[in-house]
1. Here are some conditions: (1) more than 26 Å from I213 (Cα to Cα); (2) hydrophobic (A, V, I, L, M, F, W, C); (3) under 20 Å from the mean Cα position of the chain (by Cα). L319 meets all but one. Which one does it not meet?
2. Can you confirm whether A427 is under 30 Å from D257 (Cβ atoms), surrounded by fewer than 17 Cβ atoms within 10 Å (Cβ to Cβ), touching a residue at least 24 places away in the same chain (Cβ under 8 Å) and in contact with an Asp or Glu (Cβ under 6 Å, 6 or more places away or on another chain)?
3. From L216, L201, L156, grab the single residue that is at pLDDT 60 or above, over 30 Å from Q336 (Cα atoms) and aliphatic (A, V, I, L, M).
4. Scan (1) assigned to a loop (DSSP other than H, G, I, E, B); (2) closer than 25 Å to D324 by Cβ; (3) open to solvent by 80 Å² or more (accessible area, probe 1.4 Å) for the single condition L432 breaks and write down its number.
5. Those residues that are surrounded by fewer than 16 Cβ atoms within 10 Å (Cβ to Cβ) and at pLDDT 60 or above, I need them from segment 220-258; list them, please.
6. Any chance you could count how many residues in segment 383-417 are in contact with a Ser or Thr (Cβ under 9 Å, 6 or more places away or on another chain) and either β-branched (V, I, T) or within 21 Å of P259 (Cα to Cα) (or both)?
7. With respect to N311, determine if the residue is within 25 Å of T266 (Cα to Cα) and at pLDDT below 95.
8. With the structure loaded, tell me whether I293 is modelled with pLDDT of 85 or more and farther than 30 Å from E426 by Cβ or whether it fails that test.
Amino acid sequence: MSRPPFQIDDTAGPKRTRAWVIHPDIKSDNDRRIAEPALAEAVALARALPHLDVEGANIVPLRTVSAGMLFGSGKIEELRLVFEEAEVELVLVDGPVTPVQQRNLEKAWGVKLLDRTGLILEIFSDRAATREGVLQVEMAALNYQRTRLVRAWTHLERQRGGLGFVGGPGETQIESDRRAIDEQLVRLRRQLDKVVKTRALHRAARAKVPFPIVALVGYTNAGKSTLFNRMTGADVMAKDMLFATLDPTMRSLVLPDGPEIILSDTVGFISDLPTELVAAFRATLEEVLAADIICHVRDISHAETESQARNVRDILTSLGVPKDTRSFEVWNKLDQLDEDRAAAVRARAQRDDSVLAISAITGEGLDALQAVIAEALQGAVREAELTLAFADGKKRAWLFEQDVVIEETQTEDGFNLVVRWSAQQEAQYQRL
C-alpha cells in the first residue's frame, strides 16, 4: 500500500501539531498574488484545520525556482534552523510543490510537508458532511495522491516477475499501488453516480413545481452562508473561517412581492483551487449550472477583492455556467468599511444595476437585493406552446427530460406541446 497523504492523528485526543506557513513569492511569476494578503490567506487556511498550531509564517522571495528543492541551499538551511528552534512538525507551502521537491524538502528539514493543494484537500476532507461530499473529496485526494507515488516508494527495488523463464523486471510497487488507486477510483465513481442520480431525481421533482433557483456563489469567507441564513432563517454553519461550509444547502424562500424561489448556498471558491476538486465538485455545483440567477457574493472589505472576483469568474467559466445566466454582484461586509469607503461603495452600487451593496450582518441592503431578484424573475417561469415535427425527436426528448411538458397532442405532422419553463430552459432549447 502507498503512504497516504499527511493526516493529523486525533484518535488519541486533541493532540496539537506545530506548523509553519511559507509563501514563496516568485518574482518571475507574472500571475503572482500580492505576498502579504496571500500569506494571510494561507495562515487562515492552516487555522481552518483542527489541532494545528501555527507557530509562525513568512514570505520567501524567489527569483527563480529550483527544480529539485524549490528554494536555494542557503534559504533551506536558514529555514531548517528556524523550524528546529520552533519544534515544527509540519510545513505548509502556499503554492505548488512537485513530488521530488516535497521529498527533498522533507528530508532536508526533517518535517512533514504539504503544498497548497494538499492543505485544501485536508480541509475539505475534514469538513465534508454529506455522502456525496465525502465521495468527491476522497476521489480528489486519490487523484492527487496518484501523481505523488514516486515520493512514497523510491526506496523500493523492482520485484522479479514473469513466469520464471526470462526473469525480467516485474511490476514495480509504484505500478501496483497506482493500479490499486485506479480500482478504488472506479468504485468511488460508481458510488458517486448513484448519489448524482438521486440528486437528479430530486431536481426532476422540483421541476414539476418549477421554482426559480437563485444560487449564491463567491470566494470562501465572503459571507455567503451568513447571507443565506439571514434571508431564509436557516442555521447553516457560518464562521469567520475559510471553507466553513462545503456541502450545498437549499431552502425555499418567498420573496416580498415576488415569486417563491429556491435559494442555494454553495461551496466557496479560492484562488488556485486544485483541479482535482474543480472536477470532483462539478456534480455538487450542478445547481449553479441550473440556476436562473447567480448572486456573486464578494467581501468588498478585503484588500484582494478584485483578484478574488476574477478567480470566481474563472471557475464559473470552467464549470460551464451558461453565458446568458442572469447574475448580480453582491458587495457584502459594508459594516467592515469606514464611512468614506462605505459611502463610495453605496454610490457605485447606485450607478450600476448589476451591483448591490449589503451587509449580511446588519441587514443593510437586503430588501433591495430581494426586490432586484424578484424583478429579475418576473415571468421567469411561464407557459408556451410549441409545434414539433416528427423529425424533431431530439428536442422532444429534451423537453421531457427537463419535465417541462404539461400537455402533448399528436397531429398529422408532428406534436403540439404546452410547456412550462424558465427563461434559461427556453434559451437552452433554442440552442438545440
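1. Condition not satisfied by L319: (1).
2. Values: under 30 Å from D257 (Cβ atoms): yes; surrounded by fewer than 17 Cβ atoms within 10 Å (Cβ to Cβ): yes; touching a residue at least 24 places away in the same chain (Cβ under 8 Å): yes; in contact with an Asp or Glu (Cβ under 6 Å, 6 or more places away or on another chain): yes.
Considered against the rule, which asks whether it is under 30 Å from D257 (Cβ atoms), surrounded by fewer than 17 Cβ atoms within 10 Å (Cβ to Cβ), touching a residue at least 24 places away in the same chain (Cβ under 8 Å) and in contact with an Asp or Glu (Cβ under 6 Å, 6 or more places away or on another chain), A427 comes out as yes.
3. Details: L216 fails: over 30 Å from Q336 (Cα atoms); L156 fails: at pLDDT 60 or above.
Going through L216, L201, L156 in turn, just one is at pLDDT 60 or above, over 30 Å from Q336 (Cα atoms) and aliphatic (A, V, I, L, M): L201.
4. For L432, the failing item is (3).
5. Step one: list which residues in segment 220-258 are surrounded by fewer than 16 Cβ atoms within 10 Å (Cβ to Cβ), which gives 233, 235, 237, 239-240, 252, 254, 256-257.
Selection gives G233, D235, S252, V254, P256, D257.
6. Keep residues of segment 383-417 that are in contact with a Ser or Thr (Cβ under 9 Å, 6 or more places away or on another chain), which gives 387, 404, 411, 413-417.
Right, trim to either β-branched (V, I, T) or within 21 Å of P259 (Cα to Cα) (or both) and you get 387, 404, 411.
So the count comes out to 3.
7. Values: within 25 Å of T266 (Cα to Cα): yes; at pLDDT below 95: yes.
Criteria met by N311.
8. Working: modelled with pLDDT of 85 or more: yes; farther than 30 Å from E426 by Cβ: no.
So I293 does not fit the description; no.
The values are calculated or read from the model by the stated rules, or taken from the named source; none is laboratory data. Because the structure is a prediction, the values reported are computed rather than measured. Neighbour counts are summed over all protein chains in view; Cβ atoms, including those assigned to glycine, are modelled from backbone coordinates with ideal geometry. Heads up: the accessible areas ignore ligands, DNA and RNA and are worked out on the full protein's heavy atoms, side chains in. Shrake-Rupley method; radii C 1.70, N 1.55, O 1.52, S 1.80 Å.
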